[in-house]
Structures are given as structure tokens and as C-alpha cells.
Amino acid sequence: EGKFLNVNPALATILGYNNVDDVAKSVHSIAAQIYVRPEERAIFKNRLDHEGQVSGFETQMYKKDGTKIWVVENARAVIGDDGYLQYYEGSLWDVTERRLGEQALEEAKLAAEMSARTKTEFLANMSHELRTPLNAIIGFSEIIKDEIMGPLQVKAYKDYAFDIYESGNNLLKIICNVPKLPKSEAGNRPLNEGPVRMSRAVAAC
């Protein structure tokens with residue numbers, strides 16, 4: 001009928017009541033006064049009536065001062081000798097701290113995902129914006145080093161143009177790899193193993 005017939009001091013403490021008598025006098029409807037969502041009380045009761053017992057039912061309850069807490073309930077239906085339901089008996093424990101920890105962890109995860117997404121978008125945009133002027137640098141330095149518009153009077157200029165062209169291409173390779181960094185951090189980039197010519201690697205460095 002939605003009333004407490006008997007409670008122990010631990011339940012009174014969990015729900016923020018002064019003592020056992022305070023619970024009995026104050027609570028006239030468990031569904032309306034204790035459950036944050038009365039419909040969950042109905043679900044819980046329905047399962048008890050059909051299954052005879054319920055374990056690990058997680059829900060929110062109000063303490064006497066209106067504070068919300070998360071609890072886990074275990075209960076069973078007690079049937080009398082006449083075969084009719086007499087009452088429900090069970091226990092509950094406060095899992096608010098655990099739920100708050102899970103919520104904080106979820107929020108931190110969402111914040112991290114948002115940060116990673118923002119970084120990925122920034123790197124992609126930055127890479128694109130850098131490639132545009134870099135293509136001009138590489139293109140014009142190639143024209144100069146190959147003397148397409150005519151011979152250069154000073155050989156050093158041709159060497160400088162070659163250096164600009166090589167450096168530009170090396171920088172372009174780095175910039176093209178920048179958008180792949182988030183994949184590397186997430187462990188989603190495959191490792192390509194193979195022989196390496198050390199002389200070429202050292203020369204590139």
C-alpha cells in the first residue's frame with residue numbers, strides 16, 4: 001500500500017530521517033515522497049509481484065530534506081500461509097558517490113572528445129592554409145632553379161633556389177602528416193614496417 005511497516009536505523013540514516021519513528025510518521029506514500037520518479041516504484045512493484053524478488057534495482061530517492069540520492073534496492077515479496085501477498089521486505093544502499101563518479105568520468109570523456117575533435121579540425125584547416133602558399137613557394141623556386149625563364153647570372157642564386165625547393169617539399173611532407181597526428185594519438189594509424197636506408201635518412205636530416 002506504499003507505507004513502511006518497519007524500518008531499521010540504517011534506512012532512516014540513509015534517507016536523512018532522525019530515527020525509525022520519524023520515518024514511520026513522516027512517510028505516508030513511498031512512491032510520492034521517496035521515489036524521485038514514482039513510475040519507477042510502479043515498475044519495481046510490478047516486477048516483485050510477477051517475479052517474487054528483484055535484485056540490483058537502481059533508482060533515485062528523496063531524502064527528508066529533498067536532496068536526491070542514488071540507491072540500489074533488493075527486495076522480495078512475502079507470501080502468507082493463505083497464499084496472498086503480505087508485504088515486501090528488502091534492503092537498499094546509497095550509491096550516490098559511485099554515480100557521481102561515473103557522471104564526472106562521462107563528462108570528462110565528452111570534454112576530451114570535444115577537445116580532440118576541435119584539435120583535429122584546427123590541424124586540418126591549418127594544414128590546408130599552409131599548403132596553399134607553400135605550393136607557390138615550391139612552384140616558383142622550381143622555375144628559378146631550372147632557369148625556365150632564362151639563365152641566372154649568379155650560380156649561387158640557382159643553389160639558393162634549389163635549397164628553397166627542397167626545403168619547401170620537406171615542409172610540405174610534414175604539413176601533409178599533421179592531420180594524421182590525431183590518428184596516431186588514438187592508436188588508429190597502422191605501423192608500416194620495412195627496410196630503411198640509413199644513408200638516405202641521415203642525408204634528409
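The values are calculated or read from the model by the stated rules, or taken from the named source; none is laboratory data. Since the structure is predicted, the reported quantities are computational estimates derived from the model, not experimental observations. Cβ coordinates were reconstructed from backbone atoms using ideal geometry, including for glycine residues, and neighbour counts include every protein chain displayed. These area figures cover heavy atoms from the full protein model, side chains too; ligands, DNA and RNA do not enter into them. Shrake-Rupley method; radii C 1.70, N 1.55, O 1.52, S 1.80 Å.
Side notes on the structure shown:
- Rounded to the nearest 20 debye, dipole of the range 91-190 from Cβ charges on Lys, Arg, Asp, Glu: 220 debye
- Sum of -39500 (n - 2.57) over DSSP H runs of 4+, divided by residues of the chain (222 nm, nearest 500): -18500 deg cm²/dmol
- Within the range 97-205, the trypsin sites (Lys or Arg not before Pro) that combine a DSSP coil assignment with at most 13 other C-beta atoms in a 10 angstrom radius are 197.
- Taking θ as phi - 60° and the Karplus parameters 6.51, -1.76 and 1.60, the scalar couplings of the range 102-112 work out to 5, 5, 4, 5, 5, 5, 5, 5, 5, 5, 5 Hz in sequence order, x denoting glycine and proline.
- Derived scalar couplings between HN and Hα for the range 91-101 equal 9, 8, 9, 7, 10, 4, 4, 5, 5, 5, x Hz in order, rounded to whole Hz, by the Karplus curve 6.51 cos²θ - 1.76 cosθ + 1.60 (θ = phi - 60°), x for Gly and Pro.
- Projecting the Cα atoms of 165, 118, 133 onto the charge dipole of the chain (Cβ charges, centred on the Cα centre) puts 165 farthest toward the positive pole.
- Lys, Arg +1 and Asp, Glu -1 on Cβ, resulting dipole of the range 146-205 about Cα centre, debye, nearest 20: 260 debye
- Rounded to the nearest 10 Å², the accessible area of residue 110 at probe 1.4 Å: 90 Å²
- Normalised per residue, the accessible area of the chain is 72 Å², obtained with a 1.4 Å probe and no contribution from ligands, DNA or RNA.
- Computed over the range 56-152, Kirkwood Rh from alpha-carbon pairs, angstrom: 20.5 Å
- Long-range HN-HN contacts of residue 17 with modeled amide H, under 5 Å: 64
- Selection from 15, 44, 179 lying farthest towards where the dipole of the chain points positive, charges on Cβ: 179
- Charges were assigned to the Cβ only: +1 to each Lys and Arg, -1 to each Asp and Glu. The resulting dipole of the chain about its Cα centre is roughly 840 debye.
- Positive-end ranking of 57, 2, 30 along the dipole of the chain, with charges on Cβ about the Cα centre, is headed by 57.
- Qualifying trypsin sites (Lys or Arg not before Pro) for the range 3-90 [loop in DSSP, other Cβ within 10 Å: at most 13]: 3
- Between the C-alpha center of the range 6-57 and that of the range 92-118 there is a gap of 28 Å.
- Counting only heavy atoms of the protein chains and using a 1.4 Å probe, residue 21 has close to 100 Å² of accessible surface.
- Note that the range 139-154 has calculated 3J(HN,Hα) couplings of x, 6, 5, 5, 4, 5, 5, 8, 6, 5, 8, x, x, 8, 6, 10 Hz, one per residue in order, obtained from phi through the Karplus relation 6.51 cos²θ - 1.76 cosθ + 1.60 (θ = phi - 60°); glycine and proline are x.
- Taking every protein chain into account, the 1.4 Å probe leaves residue 148 with about 110 Å² of accessible area, to the nearest ten.
- Heavy-atom surface analysis with a 1.4 Å probe gives the range 109-205 a carbon and sulfur content of 62 percent of its accessible area.
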